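Here the structure comes first, spelled out in structure tokens, and everything after it is commentary.
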Amino acid sequence: MYRFLLSRQWVILTLVALALIPTMIELGFWQFHRHENRVALNQVIADSLAAEPVPAESLTSPGAEVEDADLYRRVTAKGRFDTAHEVVVRRRTNADDEVGFHVLTPFVLDDGKVLLVNRGWIPADGPSQTAFPKIPAPAEGEITVTGRLMPDQTTAESGIKDVRGLPDRQVMLISSEQAAERLGKQVLGGYIELTSPEPKGDTPELIPAPDHDSIGNHMAYAIQWWLFSAGVPVGWVILARREVRDRAEAAKQKQTEAEPAPV
């Protein structure tokens with residue numbers, strides 16, 4: 001009755017089903033791990049935002065990488081803005097998805113080291129993003145800044161290509177290593193997203209705090225993949241039983257047609 005399972009069509013169908021089951025299970029665990037990572041990241045962000053600010057040099061140093069546990073940690077620094085070496089980061093959007101720039105200003109500390117400060121978002125001057133935009137000046141003189149500590153941006157994590165040969169004073173990624181080469185000074189690893197002092201005008205727009213309440217749909221996707229994996233053998237059994245029924249009905253019909261008609 002089930003000899004049809006040895007046919008080429010059913011052998012291929014069975015092999016495909018056997019391959020799909022572990023693949024879907026693995027995809028489910030992949031989404032589950034993404035869910036766990038998002039939950040852990042949300043906790044890190046919440047803890048960092050709730051913690052009291054600490055000096056930036058207590059968490060980072062020249063050439064250092066920002067630790068995951070220090071992500072979004074509020075830090076302070078005392079020094080002066082160096083607007084002469086200010087650059088803008090291209091193709092950045094604000095809360096309304098408008099494309100513009102992030103303003104990256106070196107902040108020279110009392111000991112001579114430099115902390116990169118992302119002062120926020122400004123719109124582009126017209127449709128072209130090749131001209132250096134007009135940037136509102138930061139506070140002058142010696143001040144204390146507070147911001148959220150962030151790691152250097154990389155092409156792998158951001159998905160943005162680190163393009164060379166850009167217009168003067170424009171970059172694609174925020175890199176303390178590249179800034180150190182450009183400035184010829186010791187630059188603390190990572191950078192900060194400025195939270196205070198706030199700008200006097202409407203721009204630069206301070207970067208909002210990250211969303212750490214949403215956990216996304218990764219758990220739902222994981223359950224979905226696992227249900228799909230469970231549905232594969234169920235579907236295989238249903239198809240096989242239907243094939244048996246169809247073959248039995250076809251054989252019965254053939255037998256009926258072969259019987260001689262009554263005289």
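Throughout, read-outs are computed from the coordinates displayed, never taken from laboratory work. Just so you know, these numbers come straight off a predicted model, no measurement behind them. Reconstructed Cβ throughout: ideal geometry from the backbone, glycine too, with neighbour counts over all protein chains shown.
Below, the figures for the structure above:
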quantity: R0 of 25 Å, Cβ-Cβ distance residue 224-residue 41: FRET efficiency to nearest 0.05; calculated: 0.65
quantity: Stokes-Einstein translational diffusion, the stretch 167-241 - Kirkwood Rh over all Cα pairs, 1.306 mPa s, 10 °C, in µm²/s; calculated: 86 µm²/s
quantity: Selection from 71, 12, 43 lying farthest towards where the dipole of the chain points positive, charges on Cβ; calculated: 12
quantity: Two-decimal log10 I(q)/I(0) for the stretch 51-105, as the Debye equation yields it once each C-alpha is a single scatterer, q = 0.25, 0.26, 0.28, 0.31 Å⁻¹; calculated: -1.03, -1.02, -1.02, -1.07
quantity: Distant-in-sequence amide H partners of residue 91 (H built 1.01 Å from N, under 5 Å); calculated: 100
quantity: Label-point gap, in nm, between residue 97 and residue 18 - each point 7 angstrom along Cα→Cβ; calculated: 4.7 nm
quantity: Debye log10 I(q)/I(0) at q = 0.17, 0.19, 0.24 Å⁻¹ for the stretch 105-150, Cα point scatterers; calculated: -0.65, -0.77, -1.00
quantity: Convex hull volume per residue in cubic angstrom - Cα atoms of the chain; calculated: 217 Å³
quantity: Residue with peak Gaussian network fluctuation, the chain [Cα springs, cutoff 10 Å], from 235, 112, 120; calculated: 235
quantity: Debye, to nearest 20: dipole size of the chain, +1 on Lys, Arg Cβ, -1 on Asp, Glu Cβ; calculated: 1340 debye
quantity: Rel. contact order, % - alpha carbon contacts under 8 angstrom, at least six apart, the stretch 14-86; calculated: 30 percent
quantity: Value at 222 nm in deg cm²/dmol, rounded to 500, when DSSP H runs of n ≥ 4 in the chain each add -39,500 (n - 2.57); calculated: -13000 deg cm²/dmol
quantity: Other-chain or far-sequence residues with amide H under 5 Å of residue 196's (modelled H); calculated: 146
quantity: DSSP H segments from the chain that extend 18 Å or more along their own axis, Cα-based, with Kyte-Doolittle mean of -1.0 or above; calculated: 8-50, 218-258
quantity: Cβ crowding within 10 Å averaged over residues, with 203-211, 103-111 ranked highest first; calculated: 103-111, 203-211
quantity: Lys/Arg +1, Asp/Glu -1 at C-beta; the chain dipole; positive extreme among 55, 106, 256; calculated: 256
quantity: Percentage of interatomic Cα-Cα distances in the stretch 1-96 larger than 23 Å; calculated: 63 percent
quantity: Cα-based convex hull volume of the stretch 21-172 per residue, rounded to whole Å³; calculated: 167 Å³
quantity: The chain, relative contact order in percent, only Cα pairs under 8 angstrom and at least six apart counted; calculated: 25 percent
quantity: Relative contact order (%) - criterion: Cα under 8 Å, at least six apart; region: the stretch 173-263; calculated: 12 percent
quantity: Amide hydrogen neighbours beyond the local backbone of residue 186, cut-off 5 Å, H modeled; calculated: 114
